[in-house]
Each structure stands twice: as C-alpha cells, then as structure tokens.
Amino acid sequence: TRIALAAAALVLVAAFAAPAPVLASSDPVDSYLSTPASGALYEVPVVIIRYIPTNDGTNVDSGTAGYSGTIASLVSKIDRMNKQTKFSLEEGTKFRGYKTPGAAPSLGYRVLALYTFLEDIPPGIAAPGGGGSFPDYAAIVARVNGQDWVNNHGVKEFWMWGYHSGGIVPVESNMSSPTTGDISNSYRHNDLPIYNKTYVVYNYNFTRLSNEAVHDHGHQMEATLEYVNQ
C-alpha cells in the first residue's frame with residue numbers, strides 16, 4: 001500500500017541520514033568566567049568554542065592538533081587559559097591600574113556559553129601561499145547559532161580554541177560588521193556572516209599560552225584604530 005511504501009521510504013532515509021555532529025558538550029560556565037570584573041564600566045558578552053580532534057574519544061589526535069595528551073588534560077589547560085585571558089584583558093583596561101589601587105576596569109567580560117567539539121576544525125578557503133586552509137569561520141559561528149547570540153544576547157566576541165597544524169591556518173582575529181565589513185588582523189575577505197551588530201572571532205591556539213591569546217586582542221585594536229585613523 002501507499003502507507004507501507006511511505007513508511008519503508010522513511011526507514012531508508014533514516015538509515016542513510018548524516019550522523020549527528022560530534023558535540024561533546026555545551027559545558028557549564030565557570031563562575032569566574034560568567035562574572036564580569038567588579039566595577040567594570042562596560043560588559044563584553046562572550047561565547048567560547050573549542051575544537052579538539054580525536055580518534056578514540058580519550059586522547060587528542062596529535063598528528064592533527066600538534067598537541068600530545070588526553071582530552072581531559074587539554075580541556076583543563078584551556079579552562080585555565082580562559083581564566084588567565086579574561087583576567088589579563090580586564091586588568092589591562094584599568095586606567096593607570098599599575099599605580100592606582102582600586103582602579104576599576106573599563107571592560108568586564110561575561111562568558112555566556114562554552115561549546116566543545118571533539119573533531120577537526122572544518123577547513124574553509126585556501127590560505128595564500130599554499131600553506132593550508134583557513135578555518136571555515138562562517139560554518140563554525142553558525143553551528144553555535146551565532147546569529148541568535150549576537151542579535152539577541154549582545155555577544156561581541158567568540159573565543160575559539162584550536163591549532164595551527166594539520167593543514168589549518170588560523171587568523172588572530174576576524175571581524176564582521178554590518179557597517180564596515182571585515183576590519184581585523186586577518187586576511188580580510190568577509191568570511192563571516194553579517195549580523196545586526198559587530199562581533200569578532202578570536203582564534204586562539206591551545207598549543208601555546210594565554211599571553212598569545214591576549215596578544216590577539218592587541219592586534220585587533222591596532223587594526224580597528226588604523227581604520228578609524230583613515
């Protein structure tokens with residue numbers, strides 16, 4: 001009958017459907033990360049994304065990521081660097097904080113969500129010079145429903161933890177704006193979705209340290225101020 005054939009067709013489609021994305025977790029956010037620095041004048045909402053490649057679900061795929069160790073040890077390292085990065089960014093916005101006890105920071109960071117994907121970073125367009133591919137930032141941001149985070153929750157920054165190996169060539173910062181487009185310390189080709197508000201993806205390297213993560217923010221400031229100066 002038609003009903004039986006339709007039911008059989010649905011079973012066949014289900015059998016060959018694409019597997020679900022390898023999302024390890026939408027993790028709880030540590031209270032330090034979710035609480036902006038006391039007295040901050042402006043709040044910066046953040047979503048954190050981390051891509052950890054693995055072949056067995058326990059160990060990091062060192063051939064792809066350039067990092068040897070367990071997933072648990074790498075997650076612990078990234079958790080620590082998230083806190084260090086937040087602390088450094090907030091401290092750095094205190095006006096003459098080096099000599100003014102109790103100076104309030106201008107910026108306070110609030111992490112709203114933390115996503116972990118146990119898989120390779122999806123490659124995007126080829127990087128100049130034939131050295132590999134940039135990450136597919138549009139797909140990465142869309143995968144965590146970036147439009148909702150930016151338009152409805154005010155997210156200004158995505159902190160993405162990944163690696164510079166295995167054919168992936170990350171950028172330090174990647175900006176999207178409905179007004180100016182991509183003004184960032186990257187290969188500027190508007191490779192992010194344009195939402196109602198401006199946001200920046202900072203692509204950190206988990207094989208390095210948190211000081212390099214903070215370094216990325218400094219270069220983004222330079223790119224922004226250079227554009228304003230013109």
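The values are calculated or read from the model by the stated rules, or taken from the named source; none is laboratory data. The shown structure was predicted, so the numbers you read here are calculated from the model rather than taken from an experiment. Because the Cβ atoms are built from the backbone with ideal geometry, glycine has one as well, and the counts that use them run over all protein chains shown. Keep in mind that these areas ignore ligands, DNA and RNA; they rest on the heavy atoms of the full protein, side chains included. Shrake-Rupley method; radii C 1.70, N 1.55, O 1.52, S 1.80 Å.
Details
- Selection within segment 43-60 - more than 21 Å from the chain's Cα centre (by Cα) and either among the acidic types (Asp, Glu) or closer than 28 Å to TYR199 by Cβ (or both): ASP56
- Selection over segment 65-76 of residues that are surrounded by fewer than 17 Cβ atoms within 10 Å (Cβ to Cβ) and in a helix (DSSP H, G or I) gives a count of 3.
- Filtered residue count, segment 29-53, keeping only those that are farther than 30 Å from GLY69 by Cα, buried (at least 19 other Cβ atoms within 10 Å of the Cβ) and hydroxyl-bearing (Ser, Thr, Tyr): 0
- Selection within segment 177-218 - closer than 16 Å to GLU157 by Cβ, part of a loop (DSSP other than H, G, I, E, B) and of a type in the set (Asp, Glu): ASP182
- Residue check, THR116 within 20 Å of VAL47 (Cα to Cα), open to solvent by less than 30 Å² (accessible area, probe 1.4 Å) and not hydrophobic (A, V, I, L, M, F, W, C): yes
- Looking across segment 191-208, the residues that are of a type outside the set (Val, Ile, Thr), out of contact with any Gly (no Cβ under 8 Å at 6 or more places or on another chain) and crowded, with 16+ Cβ neighbours inside 10 Å come down to LEU192, TYR202.
- When GLN84 is tested against (1) open to solvent by less than 60 Å² (accessible area, probe 1.4 Å); (2) in contact (Cβ under 8 Å) with a residue 24 or more places away in the chain, exactly one condition is not met: (1).
- Single unsatisfied condition, GLY124 versus (1) among the small types (Gly, Ala, Ser); (2) closer than 24 Å to GLY63 by Cβ; (3) part of a loop (DSSP other than H, G, I, E, B): (3)
- Filter result for the condition that a residue is open to solvent by less than 10 Å² (accessible area, probe 1.4 Å), farther than 30 Å from GLY63 by Cβ and not in a strand (DSSP E or B), over VAL141, VAL228, VAL150: VAL150
- Exactly one residue out of SER184, SER177 is out of contact with any strand residue (DSSP E or B) (no Cβ under 6 Å at 6 or more places or on another chain), of a type in the set (Ser, Thr, Tyr), surrounded by 14 or more Cβ atoms within 10 Å (Cβ to Cβ) and without any contact (Cβ under 8 Å) to a residue 60 or more places away in the chain: that is SER177.
- Check on TYR109, over 13 Å from PHE206 (Cα atoms), aromatic (Phe, Trp, Tyr) and either modelled with pLDDT of 95 or more or in a loop (DSSP other than H, G, I, E, B) (or both): yes
- A single member of GLU212, GLU172 is without any contact (Cβ under 8 Å) to a residue 12 or more places away in the chain, in contact with a Phe, Trp or Tyr (Cβ under 8 Å, 6 or more places away or on another chain) and open to solvent by 10 Å² or more (accessible area, probe 1.4 Å), and it is GLU212.
- With respect to the conditions (1) touching a residue at least 40 places away in the same chain (Cβ under 8 Å); (2) under 18 Å from TYR51 (Cα atoms); (3) in contact with a Gly (Cβ under 8 Å, 6 or more places away or on another chain); (4) not polar (S, T, N, Q), GLU157 falls short on a single one, namely (3).
- Whenever a residue of segment 116-131 is more than 30 Å from ASP27 (Cα to Cα), its partners that are crowded, with 18+ Cβ neighbours inside 10 Å and not hydroxyl-bearing (Ser, Thr, Tyr), lying with C-beta atoms within less than 8 angstrom and at least six residues away or across chains, give the pairs ALA126/PHE134; ALA127/PHE134; ALA127/VAL169; GLY131/VAL169.
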